[in-house]
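The structure under discussion appears below in the form of structure tokens.
None of the figures in this text is laboratory data; all of them are computed from the coordinates on show. It should be emphasised that the depicted structure is a prediction, and the values quoted were computed from it without experimental measurement. We place every Cβ from the backbone using ideal geometry, glycine too, and count neighbours over all the protein chains shown.
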There are 2 protein chains.
Amino acid sequence: MSIKNRGGRSKNGPVDTVCGQIIMENLFESSDSVRTTKPLQYAEQVVFDRPHPLEHGGMLAEIVVVYETYGTLDERRDNAVLICHALSGDSHVAAHDAEDDPGWWEIMVGPGKPIDTDRYFVICPNCLGGCRGTTGPDSIDPTSGKRYGMAFPNITIGDIVEVQRMLIDHLGIDRLLAVVGGSLGGLMTLEWSIRFPDRLCGAVPIATGPHLTSQALAFDIVARNAIMSDPRFENGQYHDKGVAPSTGLAIARMLGHITYLSFESMRKKFDADRNSGRSLDTRFETKFSVGSYLAYQGDKFVERFDANSYLTLSMAMDQYDLGATKKALAGSMRRSMCRWLVLSYTTDWLFPAFLSRELVDALLDGDKRLSYCNVECDCGHDAFLLPNSFAVYGKIIKYFLRNLADEYMSGDPAVSASGIRREATLLATLEQEFAAKPERIDYKRIMELIPPGAKVLDLGCGKGGLLARLRLRGHKRVVGIEQDEKYVLRAVGRGLDVIQADLNLGLANFFDKQFDFVVLSKTLQTVLDVEFILDEMLRVGTRCIVSFPNLGYREHRRRLSEEGRAPRADFHKERLWYNTKDVRFLTIADFEEFCTEKGLRIHQRISLDTEAGHSVENDPNLNADTAIMVLSR
Amino acid sequence: MSIKNRGGRSKNGPVDTVCGQIIMENLFESSDSVRTTKPLQYAEQVVFDRPHPLEHGGMLAEIVVVYETYGTLDERRDNAVLICHALSGDSHVAAHDAEDDPGWWEIMVGPGKPIDTDRYFVICPNCLGGCRGTTGPDSIDPTSGKRYGMAFPNITIGDIVEVQRMLIDHLGIDRLLAVVGGSLGGLMTLEWSIRFPDRLCGAVPIATGPHLTSQALAFDIVARNAIMSDPRFENGQYHDKGVAPSTGLAIARMLGHITYLSFESMRKKFDADRNSGRSLDTRFETKFSVGSYLAYQGDKFVERFDANSYLTLSMAMDQYDLGATKKALAGSMRRSMCRWLVLSYTTDWLFPAFLSRELVDALLDGDKRLSYCNVECDCGHDAFLLPNSFAVYGKIIKYFLRNLADEYMSGDPAVSASGIRREATLLATLEQEFAAKPERIDYKRIMELIPPGAKVLDLGCGKGGLLARLRLRGHKRVVGIEQDEKYVLRAVGRGLDVIQADLNLGLANFFDKQFDFVVLSKTLQTVLDVEFILDEMLRVGTRCIVSFPNLGYREHRRRLSEEGRAPRADFHKERLWYNTKDVRFLTIADFEEFCTEKGLRIHQRISLDTEAGHSVENDPNLNADTAIMVLSR
């Protein structure tokens, strides 16, 4: 491949560049009469000067890619993280030094930050079809010498990702440690995972989905209608006429902006001074505070963004669909080979959590390794750019990248010097952590029940105590389900794959007999629909292990019959009848009867006196405070 | 007041009309080159020909009101129901006969339907500012002889309601049985209740709120920006120039239309054939199924609606605010004197349920009589016009109107002949119902604990068994809280005021000591946070009555200590440990200790053996299966 590469003004570009022919004089400073984009001081560019066919037909005679990089590429070239930007983003993801302007993801990228530029080599290109340097509708078509305008071909997310892959090839990187992107960038992340499955170790799609909802699609259509019906759109050739569809584009932006926020964030921003419009020099309504804000956002946007680029990228987004049905989507995702961290935000309604769940379900259907967290945040879609719940999503991304590094980065001592722990280090840390704690007899017995190497799903896994022990013992495929965000975070921090989900909704996303063992350890008593959960466990696991506190334990009996008092829940600890999480109370005899009635086979019974720290053989229903049973149907 | 009244072509107008001067030749058939509205065959009109000052200043030289009526006004003129239409509605709420076109709320209004035109006299006027006959921006200003256009003054919901009141006066109606309206019509309903509190017996605001969310406001602003920045808007005087801002209005409508639907309804409508655009003769994008649909809706709308009317009504809606704070809103609602039925829909995000809850909370703060139901429906804002959950919302409106009729309509025998039951009839029905059932000893004892006339709140009231008994005994103020929609429906059917709410979220909407008694009857054991609920009860009630099953009952003790089995929940009935709704298990001794620890005073203890049907005096913790306690702090 012939590549012309022109170095930008980067201070720390780690890759040698070949200066090529300068094609556009004012690449970074638009000469457009309307837009006044700021120069991207540290951007580099590469020019791929041979014709490039596109997925939906059509051809681009050459492709310029503008990108920025941060940090240093390791000698083994295995620490590269590709960041994909959203609709209105660009290559400037973060500041390069103290004098540089902040980037659009300053919070996430930099030395010591979750995407740590002291450890990782970060690459952020402006995407194909964009308007911040990379070839897009306002670039000059070298075959005609004129701007593409509406003649710019219909591109797909696949085309965008192909161009990113060309850049990665150019940088001499075989396999990316991770691809990370939110919103439109999330679609690119998904596409990377299935288009070039062996070119990335991990994927982090954020606030995105396998397709848009029909609602989000509808908003995009209205936005495009607003742009294209602006009389100054001039059928896309507005540049030639020295005008711009700035009314239509501003309306599109206003509309988009509403979808990036949430009820709650809008309430906080606008309700208090609802009727106090700001006085702005704008053609739009400024009567209400929210109207002034939108007018300002709309007016500002048209100064920095090209209408045709907006149309091109929003159409690429709208056409993206990894599968309309559950089956089709699972089929698409089956090609992926990487480890996954899927993130959504509770109040995002542009890419609602249910879309991320569709993706999670499809990945589970393909038995992929993944963690998922629906991050609690009241800021809507924009949450992934904001500090509000950064303590959670920043940290989980940090942990996930560290897990990838532990697993996939070379053990070369020169590399370890970069501060990245090895898998062995992680395991040693776990070992230390557990050694410092008193042995839990119930974990120990459950471990004994699970043969080495078995695939295990742990329901209500908490911080991952059991799963981490299994990993230490060498199990490759252990997965947890946990509802509590902070436990999910802790478990991912321990190197585990954990899916945030409400057990009470079942395991519909898992296929039959996906695991050798499904474990419900000290959780049965907190589950509302016991029958349903057990049915699901027995479907998904070849065997199930259930442990629960035994109401028949002599101390409970004594307390009720002699003292007339309710048993204290949770193994006599401080929790009482009115504030325990336990909602189901059963004896070993109750459970055995239940199994008989429902036709469940009990393969093994283990009865424990956990306070005394030993097994119970004699009349377990009276003498054991905890029961462990291995079941199948 | 001088009124010129011109009869329309109504077949059954019950009020004599005086033919006045004809002001516009083609009132019902617009001569507008763009709009081709269908004639409203049965509409009548009245002309108020003296100058009418408006709330925000400005004046209308005369006001024409077009309206339709259904059914017969009783001699005592006490069976009138006013229906307020939404943004794009008109006076044609239902068909007048078999040949007539269906109306916009055909499902709701007609003989035998929830708003039963065999019983009620239904009035539906086109609202001020509209474009279907009533004075609005496309009417001729009699002072200039030209259309108002943008010169039409800024009107408020108050102005709209003032004009409706003039119509009601004109029809000789002192007090409406009810005002009913959804969306924008819901705002009018709210305004009626506080502007003319003694002119209505009941209010039914549906899918509405005390103000818009900032999100909904923002969508309206973008829609107005689209209309006003259409070059053919011509600063509002497009009629004079023979053009119309049909692009801007169509975009406004598309946007509005998205907000009327839900994720789920859009998924059902559009996901299956997402990429199959229809071929339409339109200037808009038709690539996707949803795009074709929106283009069609947009194009169709501009044929029947006037852009200035859209601006006028959406601005009236956006400016409406009954109070930005909880306190201000409660202050506004304090003026209302009517009985309330507030309805929201679970997937409505234009007027989300939380807005209805704000209203409900404000009404509760003023100790108003109300029922509230958040109707389960997946169709979004449009739900109130659709059949999907009509079985619930249609029926609850029917019941509520019947309750109003029972309470407020005259006992004149001629009137009862119309089939409306009297309050006495309703009570007799309840009496019969209860007589046919075995006496419930726990109800009986709780009834004995409550002095005649006390104000009672029943938490988890179910179908209202206790509350109906209290009403029978003559209590005027009894209120229930219930989460289950079908029980709410049943309770309203029994003439009760019931608020649909999740007890576990507390009673924040009630003020301190609002009730003489707060009752939690056989519900304590199903509540997750016992302490929180009791705190709330003790705040809201002077006294609280709690009844619960006693785990210390001898049969439970025997079962656990002798058989080693968990007690059967719910008084030995069929529910077992794994499928009961009970999640808290306590003995009388536990509860007494709890009260001591928390500083609660127990005024009375009643212990029952409900199976034997008598009170227990000897060792209740052992011999009673049920305890009833009266508490205060």
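Using the Cβ-Cβ distance between B:ARG633 and B:LEU472 with R0 set to 30 Å, the FRET efficiency from 1/(1 + (r/R0)^6) comes to roughly 0.45.
Each Cα pair under 8 Å and six or more residues apart adds its separation to the average, and for the range B:485-563 the resulting relative contact order is 29 percent.
Where does chain B land at 222 nm, in deg cm²/dmol rounded to the nearest 500, when only DSSP H runs of n ≥ 4 count, each adding -39500 (n - 2.57), divided by all residues?
On the way: 19 runs with 208 residues, N = 633.
Only helices count here, giving -10000 deg cm²/dmol.
For B:ALA566, the residues whose modelled amide H falls within less than 5 Å of its own, excluding neighbours fewer than 5 places apart on the same chain, are A:THR587, A:ASP590.
Based on the Cβ-Cβ distance from A:GLU597 to A:ALA328, what FRET efficiency comes out when R0 is 51 Å, to the nearest 0.05?
Between A:GLU597 and A:ALA328 the formula returns 0.80.
Using Cβ contacts closer than 10 Å as the measure, can you line up B:ILE628, A:ILE140, B:ILE206, A:ILE107 from fewest to most? By the 10 Å Cβ count, ascending, the order reads A:ILE140, A:ILE107, B:ILE628, B:ILE206.
Please compute, for peptide A:220-233, the average count of beta-carbon atoms on other protein chains lying within 10 Å of each residue's beta-carbon.
Details: counts 4, 13, 16, 3, 4, 14, 9, 0, 3, 9, 4, 4, 1, 0.
Average neighbour count from other chains, rounded to a whole number: 6.
Sorted shortest first, the separations between the B:PHE434 label point and its copies elsewhere in the assembly read 6.4 nm; each point sits 7 Å from Cα along the Cα-to-Cβ line.
A:ASP116 sits among other residues whose Cβ lies under 10 Å from its own Cβ, and their net charge, with Lys and Arg +1 and Asp and Glu -1, is +3. In the range A:233-255, whose amide N lies under 16 Å from the spot 7 Å out along Cα-to-Cβ of A:ARG304? List them in ranges. Counting only backbone N, you get A:250, A:253-254. Computed from Cα atoms, the angle from the helix A:530-540 axis to the main principal axis of chain A rounds to 70 degrees. Pair-distance distribution of the range A:422-632: all C-alpha pairs, bin width 5 Å, starting at 0; shares per bin in whole percent are 1, 7, 14, 19, 21, 17, 12, 6, 2, 1, 0, 0. Short-range pairs are left out: with C-alpha atoms under 8 Å and at least six residues apart, the relative contact order of chain B is 9 percent. Summarising the amide proton neighbourhood of A:GLY202: residues at separation of 5 or more, or on other chains, whose placed amide H is nearer than 5 Å comprise A:ALA178, A:VAL179, A:ARG339.
Each DSSP beta bridge with both residues in the protein assembly as shown is either parallel or antiparallel, and the antiparallel ones are about 45%.
Shape class of the range B:214-319 from the alpha-carbon gyration tensor: oblate, with a/c at 1.5 or above and b/c at least as large as a/b. Copy-to-copy label distances for B:LYS581, where each label lies 7 Å from Cα along Cα-to-Cβ, are 2.5 nm in order of increasing length. Semi-axis lengths, largest first, of the ellipsoid equivalent to the protein assembly as shown are 53, 52, 22 Å, with √(5λ) applied to each eigenvalue of the Cα gyration tensor.
The range A:474-492 and the range B:151-173 have Cα centres separated by 62 Å. Going by the alpha-carbon gyration tensor, a ≥ b ≥ c the square roots of its eigenvalues, is the range A:422-462 rounded (a/c under 1.5) or, if a/c is not under 1.5, prolate (a/b greater than b/c) versus oblate? Oblate.
For A:LYS395, a cut-off of 17 angstrom between C-alpha atoms picks up these lysines, skipping any fewer than 8 places away in its own chain: A:LYS113, A:LYS463, A:LYS486.
Once you order the gyration tensor axes a ≥ b ≥ c over the Cα atoms, which shape class does chain A get: rounded for a/c under 1.5, otherwise prolate or oblate by comparing a/b with b/c? If you can, show how the numbers build up before the last one.
On the way: a/c = 2.51, a/b = 1.92, b/c = 1.31.
Verdict is prolate for chain A.
Per residue of B:107-115, other chain Cβ atoms within 10 Å of the residue Cβ number 0 on average. Computed from phi, the 3J(HN,Hα) profile of the range B:153-169 under the Karplus parametrisation 6.51, -1.76, 1.60 (θ = phi - 60°) reads x, 5, 9, 10, 4, x, 4, 4, 6, 4, 5, 4, 5, 4, 5, 5, 4 Hz, with x in place of Gly and Pro.
Beta carbons within 10 angstrom, averaged per residue: use that to sort the peptides B:247-256, B:272-281, B:195-204, highest first.
On the way: B:247-256: 26.7, B:272-281: 12.8, B:195-204: 20.9.
Listed from highest to lowest mean packing, they are B:247-256, B:195-204, B:272-281.
Averaged over peptide A:126-132, the number of partner chain Cβ atoms lying within 10 Å of each residue's Cβ comes to 0. Once the other residues with Cβ under 14 Å from the Cβ of B:ILE441 are scored (Lys, Arg +1; Asp, Glu -1), what is the net sum? That sum, taken over residues with Cβ under 14 Å, equals 0. Lys and Arg at +1, Asp and Glu at -1: add these up for the other residues within a Cβ distance under 15 Å of B:ALA207 and post the number. Charge balance near B:ALA207 sits at -4.
Going from the residue with the fewest nearby Cβ atoms within 10 Å to the one with the most, A:MET188, B:MET317 rank B:MET317, A:MET188. Could you give the angle, 0 to 90 degrees to the nearest 10, between helix B:307-319's Cα long axis and the longest principal axis of the Cα atoms of chain B? The helix B:307-319 is inclined about 30 degrees to chain B. The value of relative contact order for the range B:422-632, using C-alpha pairs under 8 Å at least six residues apart, is 17 percent. Counting other beta carbons within 10 Å of each residue's own, what order do B:VAL64, A:VAL630 fall into, fewest first? Ascending Cβ contact count within 10 Å gives the list A:VAL630, B:VAL64. Between the helical axis of B:390-408 and the longest alpha-carbon principal axis of chain B there is an angle of about 80 degrees. Take each peptide in A:582-588, B:231-237, count the other Cβ atoms within 10 Å of every residue, and average; sorted highest first, the result is A:582-588, B:231-237.
By average Cβ neighbour count within 10 Å, what is the ranking of A:389-396, A:493-500, B:393-400 from highest down? Show your work: numbers first, answer last.
On the way: A:389-396: 19.4, A:493-500: 23.6, B:393-400: 21.9.
So the order, starting with the most tightly packed, is A:493-500, B:393-400, A:389-396.
On the basis of the beta-carbon distance and an R0 of 60 Å, A:HIS56 and B:GLU75 show a calculated FRET efficiency of 0.25.
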